[in-house]
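To start, the structure under review is shown below, and the notes come after it.
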Amino acid sequence: MPNPPRWIRSSIFAAFAVGITLLVLSSSPQAQVLYVTETEVAQDGQVIMHLEPIECEACIPGIESRLNELPSVKSAAIDAHSRTVSIDLTESGVSVDELESVASDTGLIFRSSD
């Protein structure tokens, strides 16, 4: 059986390389992050964080779980519909800056308001 011309071999190799690249990119885990645009403290002391549009709703349970593991957090819930994170704290002395600092390790990324 004769070898195919070089241009056919090159085309087959290029198509194979593109296919492998697309397979690797599509199977990469999506970064589990949510972007916070504003943080406020409600009158009852609950911390409310407003989110940008959520691109990865599948990421919510993991981030919510990590938030609930923080020592200063009594409970945390993410509402995809209203794009908010509601956090009840165990202590009233925790500042918003302190909470944002520890919460940034859970998958929340805080956008500056400038």
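A short reminder: the numbers here are calculations on the coordinates, not readings from a lab. Since this is a predicted model, take the numbers as computed values, not measurements. When we count neighbours, we look across all protein chains shown, and the Cβ atoms used for this are built from the backbone with ideal geometry, even at glycine.
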>> Give me the extension gain from Val102 to Ala42: residue separation times 0.36 nm, minus the current Cα-Cα distance, reported in nm with one decimal.
In response: 19.6 nm
>> If the only charges are +1 at each Lys and Arg Cβ and -1 at each Asp and Glu Cβ, what is the size of the charge dipole of region 34-110 around the Cα centre, to the nearest 20 debye?
In response: 140 debye
>> Could you compute the net charge surrounding Gly45? Neighbours are other residues with a C-beta less than 14 Å from the C-beta of Gly45; K and R count +1, D and E count -1.
In response: -3
>> Highest mean first, how do 43-55, 61-73 rank when packing is the count of other Cβ atoms within 10 Å averaged over residues?
In response: 61-73, 43-55
>> Could you give each residue of region 75-89 its phi-based ³J(HN,Hα) in whole Hz, using Karplus coefficients 6.51, -1.76, 1.60 with θ = phi - 60°, and x for Gly or Pro?
In response: 7, 9, 9, 10, 10, 5, 5, 8, 6, 9, 10, 10, 10, 9, 9
>> Can you bin every Cα-Cα distance in region 34-110 into 5 Å intervals starting at zero and give me the percent of pairs per bin, rounded to whole numbers?
In response: 3, 17, 33, 29, 14, 4, 1
